[in-house]
Amino acid sequence: MTADTQVKLAVYRHFAETGVRPSPHEVAERAGCEIREALDAYQRLGAQRLLVLESDGSSIRMASPFSGVPTQHVVESEGIRYFANCAWDALGIPAALHRNATIHSRCEQSGEPLHLRVSPSGPEPCDWVFHCPVPAAEWWDDIVFT
Amino acid sequence: MLFFRSEERVREWCEAHGHPVRPLVRMNQLWGLATAWYATRLQEDSRRPGPDEIRSIFAGLGLADDFWDPSSNDVG
C-alpha cells in the first residue's frame, strides 16, 4: 500500500469511526508516518479531489461524503453523528458505511424538515427531490458552493 | 446540491435566487449516485470514477441531459 493510500484510509476511517475530522497528528499516527509526510500526502490527495483542505493546508474541509465542518445535512448511524457536504453526500455516508442510518436535513425553500431512514439497500420510499443548480462540468469550479 | 420537498419548491427557490431550474433527481436515482461514488470509499482500492464511468453511471440512472455531461473530465 502506498503512503498516500495509508493517509487516505487513515482520514476516511477516522471520519467513519468518529464523525469528525482527524487532526494531522491523528492521521500521521494512524498511517504510521510523520506529520509532515501526512500533510504532503494531503496535497496530493487534494489534487486527486479526494480531499478538500481549508486555507491553512492542514484542516480537512471535505473528505467526501464526510464534511469536516457542521452542515445542514446530518446523518446518524450507530450513535455517531456525521455531517455531509450536500444532499448527495448525505446518502453517500450510509452508502460508504454500509449501515442503517437516518438523514436529517430540510427543504431548502420551505425549511420543512426531512428525516429519511436509509438501509444498506437504499432509502425508504420518499417523494422528495434533489436539485443541483450547477452543471456537472462546473461542479469543481467551486465545490463548496456546489 | 440540495433537498426539496417537491418540484414546486424547487421552482420557487430557483426564481428567488436567480437560478435556472435544472433536471430533478429522484431519491432512488440519488441513491444510485451515492453508491456509485461512495460504496467503496473506505476500502484500500477505492477511487473516484473516471469520465467514461461517470457518463455510464449517469446514463444508467436516466440522467442523460446535457446538464450531466462531464465535458471537462473533472466531475466528481
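The values are calculated or read from the model by the stated rules, or taken from the named source; none is laboratory data. Please read all numbers here as calculations on a predicted model, not as lab measurements. Note: accessible area is taken over every heavy atom of the protein model, side chains too, but ligands, DNA and RNA are not part of it. Shrake-Rupley method; radii C 1.70, N 1.55, O 1.52, S 1.80 Å.
Values for this structure:
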| read-out | value |
| --- | --- |
| Dmax and Rg, reported as Rg then Dmax, of the stretch A:10-52 (C-alpha, Å) | 9.9, 25 |
| Between the stretch A:61-88 and the stretch B:16-45, the Cα center-to-center distance that results, in Å | 14 |
| Chain B: calculated mean residue ellipticity at 222 nm from DSSP helix runs of at least 4, using -39500 (n - 2.57) | -13000 deg cm²/dmol |
| Karplus-derived HN-Hα couplings along the stretch B:28-45 (A = 6.51, B = -1.76, C = 1.60, θ = phi - 60°), whole Hz, x at Gly and Pro | 5, 5, 5, 5, x, 5, 4, 6, 4, 7, 10, 4, 10, 4, 8, 9, 4, 8 |
| Normalised contact order of the stretch A:61-146, rounded percent, pairs of Cα under 8 Å and 6 or more residues apart | 20 |
| Mean accessible surface per residue for chain B, computed with a 1.4 Å probe while every protein chain stays in place, in Å² | 50 |
| Accessible-area composition of chain A, carbon plus sulfur, in percent [1.4 Å probe] | 47 |
| Hz values of 3J(HN,Hα) by residue in the stretch A:118-131 - Karplus curve (6.51, -1.76, 1.60), Gly and Pro given as x | 10, 10, x, 9, x, x, 5, x, 7, 9, 5, 10, 10, 9 |
| Under the Karplus curve 6.51 cos²θ - 1.76 cosθ + 1.60, θ = phi - 60°, whole-Hz ³J(HN,Hα) for the stretch A:46-51, x wherever Gly or Pro sits | x, 5, 8, 6, 9, 9 |
| 0 to 90° range, to nearest 10: angle between helix A:87-97 axis and chain A longest Cα axis | 60 |
| Gaussian network model of chain A, Cα within-10 Å springs - most flexible of A:ALA47, A:ALA96, A:ALA84 | A:ALA47 |
| Using alpha-carbon coordinates, inclination of helix A:3-18 to the longest axis of chain A, degrees | 40 |
| Candidates A:ASP40, A:ASP127, A:ASP89: whichever shows maximal mean-square fluctuation once chain A is modelled as a Gaussian network with Cα springs under 10 Å | A:ASP127 |
| Mean ellipticity per residue at 222 nm, deg cm²/dmol - from DSSP H runs of n ≥ 4 across chain A, formula -39500 (n - 2.57) | -10000 deg cm²/dmol |
| Choice from B:ALA64, B:ALA16, B:ALA34 with maximal GNM fluctuation in chain B (Cα, 10 Å cutoff) | B:ALA16 |
